[in-house]
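Asks: Submitted below is the structure of interest, expressed as C-alpha cells.
Derivation of every value follows stated rules applied to the coordinates shown; laboratory data play no part. The model shown is predicted, which means the values in this text are computed figures rather than measured ones. Using ideal geometry, Cβ is built from the backbone for each residue, glycine included, and neighbour counts are taken over all protein chains shown.
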Amino acid sequence: MNSFSLIAAILGMIIALALGLFYFRRGETRGQKIFAILGSLLSIGYLYALFLGNLSILQTRDLLSSGGMLTIVISLYFFLRAETTRGHWFVAGVTLSTLGLLYGGSALAGVEVLSLFSYLVRTMFVLGGLYGLSLLALNLQWGYTGLFNIGIHGFVALGAYTSTLLVKPSDITLGAEHLAETPIPAFGLPFMFGLIGAVLICGLFALLTGISTLKLREDYLAIATIGLAEIIRVAAQNLAITGKTRGIADIPSPLFDWLVKSSEQDTTGFVDPNYYIWFYAGMILVALLIVYLAFQRIARSPWGRVLKAIREDEDAANALGKNSFKFKLQSLVLGAMVMGAVGSFWAHSARSITPDAFDAVQWTFLPWVMLIIGGSGNHKGALVGAFLIWALYSITNFQNDFLPQRIAINIDWGFFKWQESLDIAGRFFGPIRIIIIATVLQLILIYRPRGILGEEKQVSTLVKH
Amino acid sequence: MQQSQTHKSFFIRRWQLTSLISLSAVFLLFVVFNEGANKWFFDSLSTLHAQGVQALFSGIRYGCILLLGAIGLSLTYKILNFGNFAHGDIMAAGIGIAISLNDIARGVITSLMPDLDNGARELYSLLFAFFGTVMITPWVSTALDRILYKRFRKAKPVVMIIASFGMALIIRSLVQIIWGTQNLGYGQHISITPPVVLVELWGREISVRISTQDWVIIGAAIVLTLLLHFFLTYSKLGKAMRAMADNPDLARVTGIDTERVVFWTWWIGGALAAAGGFFFCLAFGPFRLFNIGPQILLSLFAATVLGGIGSPYGAMLGGLLIGLAQNVLIVFIPYEFNPTAWQPAISFALLIVLLLVRPQGILGGSK
C-alpha cells in the first residue's frame with residue numbers, strides 16, 4: 001500500500017460522504033433519504049475495499065459489478081416509486097453519483113473500467129432486459145389472465161432454435177455437423193426475419209397447447225406446458241438439425257459485421273468488438289420499452305379488463321357474454337410470442353446455444369420468483385422483480401472468486417473416519433444460489449404474498465375518480 | 001345436467017371419433033403410398049416383434065416403480081388440491097437415504113459377521129436399506145408439510161404449486177450438497193446376471209432378460225398396492241382419508257381430525273415414494289442422484305393425470321400405462337434419434353392426446 005492509494009481512498013470516501021449528506025438533505029421522502037445513505041455507504045465500502053484491500057482482478061470485477069447492479073436495481077425501485085419529477089431527478093442524481101464514484105474510483109486505481117462496464121452491461125442490461133421481457137409476457141399470462149405457464153424455458157428454447165436456424169448462413173459450421181447424416185438446411189436470412197420467425201413459431205405452439213388444455217382445469221395447462229418444454233428439450237438434444245447435445249455455435253449477431261471494426265482493413269466498422277454489447281443492450285432496452293408500453297396500454301384497455309375478470313371469476317366473465325376461452329388463448333399466444341422473441345434475442349447475443357442452456361431453473365423458476373417477488377398483475381412490479389432477482393442471482397455467482405474451490409477434510413476419531421478432498425465449487429456453489437433464491441421465494445410467499453409493489457389499481461378512463 | 005352430459009360422453013364424443021378415424025385413415029394412406037414411411041413402419045413392426053416381449057416386460061417393471069410414486073402424488077393432489085412438484089425430489093432423497101443406509105449396513109455387517117458370503121451380505125444390507133428408507137423418508141415429506149405447506153392451506157392451489165416448485169429445488173440442491181454429483185448406486189457387487197428366459201411367440205423363440213431384481217420389484221409393487229388397498233378400504237384412517245378426498249368440508253363436519261389425516265397422507269405418500277425410489281435405483285442405478293427428481297417427476301405427473309387426478313387406483317393404472325408406453329412406443333422411433341431419450345416426451349404426447357379426448361383421466365370422476 002503506497003501513500004497515493006491511501007490519499008485517494010480517503011479523498012474518495014470524503015467525497016462519497018459529502019455527496020451522501022448532500023443528497024440526504026435534498027431527499028423528499030424517508031425512502032429517498034435512505035436511498036441516498038445507501039448509495040453513499042456502498043461507494044465508501046467499495047472504495048475502502050478497492051484501495052486498502054488486496055483484491056485480485058476477478059474480485060475487483062465482482063465487487064464493482066455487484067455494486068453497480070445493486071445501485072441500478074435499487075434506483076429502479078425508487079425511480080418507479082417516486083411520484084414527482086423532482087423525485088425522479090433526485091433518484092437519477094444519486095444513481096449517477098454512486099456509479100460515478102464506483103467507476104471513477106476504479107479508474108483512479110488503474111482498473112480497466114470500460115471493459116468491466118461492458119461486463120455490467122452484458123449481465124445487467126442484456127440478460128436482465130431479457131428477463132424483463134419474459135417477465136412482461138409471464139405477467140400478461142399469469143398476472144392478468146391467471147394462466148399457469150411453467151414451460152417458459154420451452155418457448156424460449158423454441159424461439160432461440162428457430163431464429164438461429166433461420167439466420168445462420170450456410171457456410172458457418174454447426175457445432176456437431178460431423179454427427180449429422182443429412183445436410184442441415186440454412187437460410188441465412190437477416191436477423192429481423194429470425195426474430196419474426198421465432199415469434200410466429202412460438203405463437204403457433206402456444207396456440208396448439210392452448211386449444212388442447214385451456215378448456216380444462218387450470219393446472220392442466222401447467223402440465224401441458226412443462227411437457228411441451230420437455231419435448232422441445234429432447235428434440236433439441238436428439239435431432240440432427242439442432243446440432244444434438246453440442247448445440248449450434250457461431251450464430252451471427254445483428255449488424256455485427258457492419259458495426260464492428262474487426263481488423264485494420266475493415267472499412268465499414270467503427271466499434272471495438274468488446275463494446276458491441278452496448279449496442280445490443282440498447283436494442284433490448286428499446287424492445288423492452290416498446291413491449292412495456294404496449295402491454296401497459298393493453299392492460300388498461302377493455303381487453304385487459306376482460307382478462308382480469310377471467311382471472312378473478314371465469315364463470316362470471318362467461319355469464320357476461322365474454323368467451324373466456326378465446327381471451328385466454330389470445331393472452332397465452334401473445335405471451336408466448338414475446339417469450340419466443342426473448343429466445344431469439346438471447347441466441348444472437350450468446351452466439352452459441354446448447355439444449356442444456358435452457359434449463360427449467362434458469363428460464364422458468366427464476367422468472368416465476370421474479371414475478372412473485374415483484375408483484376404479479378403489475379408490469380412495473382414485474383420489471384423491478386426481474387432486475388432485482390437477476391442482480392441477486394448474478395451477485396451470488398461471484399462467490400466463486402472469493403471462496404476456496406476445494407477443502408481437504410481429514411477427520412479420524414477412531415470409529416469415524418472421513419478423508420476427502422471436498423469439491424466445494426462443483427458441489428456447493430450452484431445449489432447454494434438456488435437455495436438462497438428459493439428461500440427468498442418461500443418467505444415472500446408466506447409473509448408478503450402480493451409482492452413488493454403489489455397490484456396496481458386500474459380503473460377505466462371513463463370512470464370519474 | 002352434469003350427469004346427463006357425462007352419460008352422453010361416456011368415453012369419446014362423436015367429433016372426436018370422426019377426427020380419430022380420419023387421422024388414422026390419413027396415416028394409413030401415408031404408410032401405404034409413401035415408400036419411406038412404409039419402410040419405417042414395417043421396420044418398426046419387425047423391431048416390435050423382436051423386442052416386443054422385452055419392452056413389455058421392461059414397461060411393466062418401470063410401471064410398477066412409477067405407480068408407487070404416482071399414488072402418493074395422487075393422494076396429496078386430491079386431499080390438498082394441488083400438484084406437489086417436490087414429489088420427484090422426495091423420491092430422489094429416498095434413493096439417497098437408501099444408498100447411504102446400504103453402505104452403512106454393508107460396513108457393519110462385514111465387520112460383525114466376516115464369514116458371511118457376498119450374496120447374503122448384500123441381501124441383508126439391501127433389506128435394511130429398504131426398510132430404513134421407507135421409515136425415514138416419510139418424515140421428510142411430513143416435515144415439508146409442517147414447515148411450508150401448512151401455511152398455505154387456505155391459499156389458492158397455484159400458490160401451493162409455486163411453493164412446491166421452490167421446495168423441489170431446495171431439496172434437489174440439498175441432495176446435490178449431501179450426495180454430490182458422482183454416480184451413486186448400491187455398489188458393484190449387486191449381481192446383475194440376467195437369467196435369459198426363452199419365450200415362444202408366434203412360432204419363434206425370443207429371449208427375454210429377466211433378473212431376480214425385476215421379479216422382486218414387481219412382487220413388491222403388488223404387495224404394497226394390495227396393502228394400500230386394504231388400508232384405504234378397511235381401516236378407519238383410510239376411510240377418513242377417502243372421505244376427506246371426496247369432500248374436505250363434509251369430512252371436517254363429521255368430526256374427522258383433518259390435520260391428522262393430512263399428516264398420514266404425506267407419510268404414506270412419502271413412504272411409497274421412498275419404496276419406488278429404492279426400486280428405481282435397483283433397476284436403473286448407479287446414476288447422478290440430483291438429476292433424478294425432475295426426470296421422474298414428469299412421468300409421475302403424466303401417470304397421475306392419465307389415471308385421473310385423485311384416484312389412487314387411477315394412479316396405479318396410469319403408472320403402469322405410462323411405463324408400458326415409454327418402453328413400447330419408443331420402438332417406433334428410428335435408432336438415429338436416440339429412442340430412449342424420448343421416453344418422458346412420449347408419455348407427455350400420450351397425455352396431451354388423452355386430455356383432448358377424456359379430460360378427467362381414465363378413472364377420474366365427472367369433474
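Asks: Please return the longest range in chain A lying between exposed loop sites, taking GluC sites (Glu not before Pro), DSSP loop only, at most 16 other beta-carbon atoms within 10 Å, and leaving the sites out.
Replies: Here the longest segment lacking exposed loop sites spans A:265-454.
Asks: Could you tell me the distance between the Cα centroids of the range A:299-342 and the range B:232-310, to the nearest Å?
Replies: Cα centroid of the range A:299-342 versus Cα centroid of the range B:232-310: 34 Å apart.
Asks: Sticking with this structure for a sec: Starting from the Cα of residue B:143, step 7 Å along the direction of its Cβ; do the same at residue B:104; then give the gap between the two resulting points in nm.
Replies: 1.3 nm
Asks: Moving on. Any idea what the relative contact order of chain A is, in percent, if you count C-alpha pairs under 8 Å spaced at least 6 apart?
Replies: It rounds to 21 percent for chain A.
Asks: If you count, for every residue in A:230-236, the Cβ atoms of partner chains within 10 Å of its Cβ, what is the mean?
Replies: 5
Asks: A further question follows. Under a cut-off of 26 Å between alpha-carbon atoms, report the lysines in cross-link reach of residue A:33, not counting same-chain residues fewer than 8 places apart.
Replies: Here the lysines satisfying the reach criterion relative to residue A:33 are A:380.
Asks: Moving on to the next point. Given points 7 Å out from each Cα along the Cα-Cβ axis, report the residue A:7 to residue B:229 separation in nanometres with one decimal.
Replies: 9.0 nm
Asks: Which FRET efficiency value, to the nearest 0.05, is calculated for residue A:421 and residue B:178 with the Förster distance at 22 angstrom and r the Cβ-Cβ distance?
Replies: Computed FRET efficiency for residue A:421 and residue B:178: 0.80.
Asks: Suppose each label sits 7 Å from its Cα in the direction of the beta carbon; what would the residue A:409-residue A:319 distance come out to in nanometres?
Replies: According to this spin-label approximation, the distance is 6.1 nm.
Asks: Can I ask one more? Taking the alpha-carbon centroid of each part, what is the distance from the range A:197-233 to the range A:9-64 in angstrom?
Replies: Rounded to whole Å, the Cα centres lie 47 Å apart.
Asks: How high is the relative contact order of the range B:53-357? Use alpha-carbon pairs under 8 Å, at least six apart in sequence, and give a whole percent.
Replies: 38 percent
Asks: So, by mean Cβ neighbours within 10 angstrom, what's the order for B:106-115, A:423-432 with the highest one leading?
Replies: The densest-packed peptide leads the list: A:423-432, B:106-115.
Asks: Semi-axes, largest first, in whole Å: what does sqrt of 5 times each Cα gyration tensor eigenvalue give for the protein assembly as shown?
Replies: 47, 34, 31
Asks: Can you compute the helix-only [θ] at 222 nm over the protein assembly as shown? Use -39500 (n - 2.57) per DSSP H run of at least 4 residues, normalise by all residues, nearest 500 deg cm²/dmol.
Replies: -23000 deg cm²/dmol
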